[in-house]
Amino acid sequence: MITCFKDDFLKTTFSKFDNAITFLNTSTQGGMFKPRLTDKELHKKSGFQRKVNGQYEDQGFLSEVIGKNGSKPSNIRGERVDLLIFDEAGSWPGLTTAIIQGQELCEVQGVPRGIMLYGGTGGDMGAPLAGLKKIYYNPKAFKVLPYRHNYTQTGEYELTGFFIPYFAQALDPKYMDNRGVCDTEEFKKFLQEERNHLLAVPEEYYKKCAERCWYAEEAFNLEGDNKFNKTLISDQLAEIR
């Protein structure tokens with residue numbers, strides 16, 4: 001199951017999945033071709049029908065993917081799934097509630113029978129981002145596999161949810177070695193130049209950092225409802241840079 005809290009987000013994410021499946025079906029010389037029993041906008045099911053003893057039966061892999069709007073938790077209840085994806089989680093108000101209730105789709109009496117994934121910073125701010133921040137820094141509380149890394153502003157190691165910095169994956173051959181591995185130092189120089197163009201408008205600079213974050217702290221810079229003036233702080237940080 002793929003779920004988002006807005007219909008337009010859901011349709012966009014599901015269409016990416018559908019495009020990938022269509023590519024595999026049409027571009028792998030038949031090696032990945034799977035006919036579809038169901039081919040709706042938010043519901044795909046592989047398989048075919050065969051007549052057995054005068055009755056048509058569904059046969060094949062019968063793999064199934066559905067998309068549902070999860071803004072109301074009851075929308076995703078009553079299912080049992082092998083994989084549950086919460087997309088655009090960084091813009092999801094009440095994310096932690098949705099995830100705790102969604103665990104019932106992947107667990108039986110607390111024992112995991114499926115996998116849950118959630119991600120997507122979205123560059124949002126305030127309350128919609130608070131849930132993802134809470135889960136990221138408290139992975140065990142939400143049954144997330146902890147990830148030990150030092151992609152932090154201080155370089156210190158910590159246990160969090162999984163994080164891949166933006167500078168670690170380049171598609172431009174200029175920033176790859178002969179194995180296709182990203183040259184992170186060179187790519188960071190390019191990305192910093194891109195960021196520097198926005199230093200004259202500090203608020204937009206930090207939105208860019210949140211959207212293409214090098215550290216999780218950058219993704220969460222816009223979260224929170226404290227009493228400090230974030231615009232003035234952004235201005236000061238830009239001046240320091």
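The values are calculated or read from the model by the stated rules, or taken from the named source; none is laboratory data. Everything numeric here is computed off the predicted structure, so don't read it as measured data. We place every Cβ from the backbone using ideal geometry, glycine too, and count neighbours over all the protein chains shown. Heads up: the accessible areas ignore ligands, DNA and RNA and are worked out on the full protein's heavy atoms, side chains in. Shrake-Rupley method; radii C 1.70, N 1.55, O 1.52, S 1.80 Å.
One line per residue, one yes/no per condition, for (1) open to solvent by 80 Å² or more (accessible area, probe 1.4 Å); (2) touching a residue at least 40 places away in the same chain (Cβ under 8 Å):
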{"residue": "Gly131", "(1), (2)": "no, yes"}
{"residue": "Ile135", "(1), (2)": "no, yes"}
{"residue": "Leu145", "(1), (2)": "yes, no"}
{"residue": "Arg148", "(1), (2)": "yes, no"}
{"residue": "Gln153", "(1), (2)": "yes, yes"}
{"residue": "Phe167", "(1), (2)": "no, yes"}
{"residue": "Asp172", "(1), (2)": "no, no"}
{"residue": "Asp177", "(1), (2)": "no, no"}
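Report yes if Phe48 is modelled with pLDDT under 90 and touching a Pro at 6+ places or on another chain (Cβ under 9 Å), otherwise no. Judged against the criteria, Phe48 is a match.
Taking the range 168-209 on its own, how many of its residues are in a helix (DSSP H, G or I) and either farther than 24 Å from Asn150 by Cα or at pLDDT 85 or above (or both)? Full working, then the answer.
Residues of the range 168-209 in a helix (DSSP H, G or I): 168, 173-175, 184-196, 202-209.
Remaining after also requiring either farther than 24 Å from Asn150 by Cα or at pLDDT 85 or above (or both): 168, 173-175, 184-196, 202-205, 208-209.
Number satisfying all stated conditions: 23.
If the condition is being farther than 18 Å from Asp8 by Cα and in contact with a Phe, Trp or Tyr (Cβ under 6 Å, 6 or more places away or on another chain), then the range 60-92 contributes only Gly60.
Among the residues making up the range 156-165, those that are of a type outside the set (Val, Ile, Thr), open to solvent by less than 80 Å² (accessible area, probe 1.4 Å) and either at pLDDT 90 or above or within 19 Å of Gln103 (Cβ to Cβ) (or both) are Glu158, Gly161, Pro165.
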